[in-house]
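The values are calculated or read from the model by the stated rules, or taken from the named source; none is laboratory data. Here the structure is a predicted model, which means the values were calculated and not measured. In this analysis, Cβ positions are derived from the backbone assuming ideal geometry, glycine residues included, and neighbour counts consider all displayed protein chains.
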Amino acid sequence: MIRLGLTGYPLEHSLSPILHTAALRACDLQGVYSLYPVEPDDMKSLKALLDQVRSGELTGLNVTIPHKQNVIQFLDGLTPTAQSMGAVNTIYLKDEKLMGENTDAPGFLADLNSFLLENIALLEKMDGIREKSALILGAGGSARAVAYALAEAGWTITIAARRIEQAHRFANPQMQVTQYDSLHIANLLPSFHLIVNATPVGMFPKTDVSPWMDGLAFPKGAIVYDLIYNPRETLFVQQARAAGLPARTGAGMLVEQAALAFQLWTGQDIPRSIMFDAFNGTGH
């Protein structure tokens, strides 16, 4: 019996059980995927939960806010990706060692590349750009994953943060950090080929707001990626499309990171369409 789950807080709106349950069924595997909410300061319960993976009682865990850094102290090792990012979203047992991985970064990059492949003109344009430049809105854990992924792929990165010190905690010397306001961003805008929203602004149920500042024009020829996947079309994506820019939400990243975690736990490379079908049946 495969026992999987997600820890973090809060977890009420997570779609992970739906995606992984669909994957287990598609692979004819007997298993369950459960939610294990652990409050932010409850390190004792967090360690006890991870010990269940160590003992084999649980096959593996996903980790979300606020525990992506908290779990590291209880692990035996990190993959190079998790080590570089300083954050973990997937825990598994390997050679009796409790390991931490981060599938957010490769999940984002895989879906970004899929986005480009769906738009051949975009792909050709990006291939022709010697130095691709990205603006990341936000400086939390999601921004960290995006910054890592894009840096690995050779992009030049600017992080726009309301709390500058938070961005500097993970930005390397090659990344630029700027204040998240219309004045600072407007001065930099013409140079960006990609804009990524890594903030929760616009997420269900507060869907009538956008991370994009009033009166700020989108740079011509850019593409827009909103990590939010609920609602299916955010106000930010609507604004970008109204300005003539290709834009998409984070459903693909959600599926990609889940599929990569599932493969770590089970050895099964699940067709992404299985998880997308499950996602598309969840409403909103």
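Quick grid of which residues meet (1) at pLDDT below 95; (2) of a type in the set (D, E, K, R); (3) not assigned by TED's automatic domain parsing to the domain that holds R144:
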{"position": "N187", "(1), (2), (3)": "yes, no, no"}
{"position": "S210", "(1), (2), (3)": "no, no, no"}
{"position": "M213", "(1), (2), (3)": "yes, no, no"}
{"position": "G221", "(1), (2), (3)": "yes, no, no"}
{"position": "D226", "(1), (2), (3)": "no, yes, no"}
{"position": "P231", "(1), (2), (3)": "yes, no, no"}
{"position": "T234", "(1), (2), (3)": "no, no, no"}
{"position": "A240", "(1), (2), (3)": "no, no, no"}
{"position": "W265", "(1), (2), (3)": "no, no, yes"}
Quiz item: For segment 2-16, what are the residues that are farther than 9 Å from P37 by Cβ, small (G, A, S) and buried (at least 19 other Cβ atoms within 10 Å of the Cβ)?
Solution: G5, S16
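Does R169 satisfy being surrounded by fewer than 20 Cβ atoms within 10 Å (Cβ to Cβ) and within 26 Å of G215 (Cα to Cα)?
Working: surrounded by fewer than 20 Cβ atoms within 10 Å (Cβ to Cβ): yes; within 26 Å of G215 (Cα to Cα): no.
Taking the combined requirement at face value, the residue does not satisfy it.
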Quiz item: Of all residues in segment 223-237, how many are surrounded by 24 or more Cβ atoms within 10 Å (Cβ to Cβ) and part of a loop (DSSP other than H, G, I, E, B)?
Solution: 3
Quiz item: All but one of (1) over 21 Å from T81 (Cβ atoms); (2) of a type in the set (S, T, N, Q); (3) touching a residue at least 40 places away in the same chain (Cβ under 8 Å); (4) crowded, with 18+ Cβ neighbours inside 10 Å hold for S210; which doesn't?
Solution: (3)
Quiz prompt | Members of segment 238-253 found to be closer than 13 Å to A198 by Cα and in a helix (DSSP H, G or I), listed by number | solution = M253
Practice problem: Please find, among A149, A134, A121, the residue that is at pLDDT 95 or above, farther than 22 Å from V88 by Cα and not assigned by TED's automatic domain parsing to the domain that holds R54. | Solution: A134
Self-check item: Qualifying positions in segment 72-93 - without any contact (Cβ under 8 Å) to a residue 60 or more places away in the chain and crowded, with 22+ Cβ neighbours inside 10 Å
Solution: A82, A87, V88, I91
Exercise. Identify all residues within segment 1-22 that are aliphatic (A, V, I, L, M) and touching a Ser or Thr at 6+ places or on another chain (Cβ under 8 Å); write none if there are none.
Key: I2, L4, L6, L11, L15, I18
Exercise. Output the residues belonging to segment 151-199 that are within 20 Å of R248 (Cβ to Cβ) and in contact (Cβ under 8 Å) with a residue 60 or more places away in the chain.
Key: H193, L194, I195, V196, N197, A198, T199
Exercise. Specify the residue that is surrounded by the most Cβ atoms within 10 Å (Cβ to Cβ); the eligible residues are those in segment 17-35 that are out of contact with any Pro (no Cβ under 9 Å at 6 or more places or on another chain) and not aliphatic (A, V, I, L, M).
Key: H20
Quiz item: Any idea how many residues of segment 22-46 are of a type outside the set (V, I, T) and under 20 Å from E12 (Cβ atoms)?
Solution: 12
Self-check item: Failed criterion for L260 (all others in (1) in contact with a Pro (Cβ under 7 Å, 6 or more places away or on another chain); (2) crowded, with 24+ Cβ neighbours inside 10 Å hold)
Solution: (2)
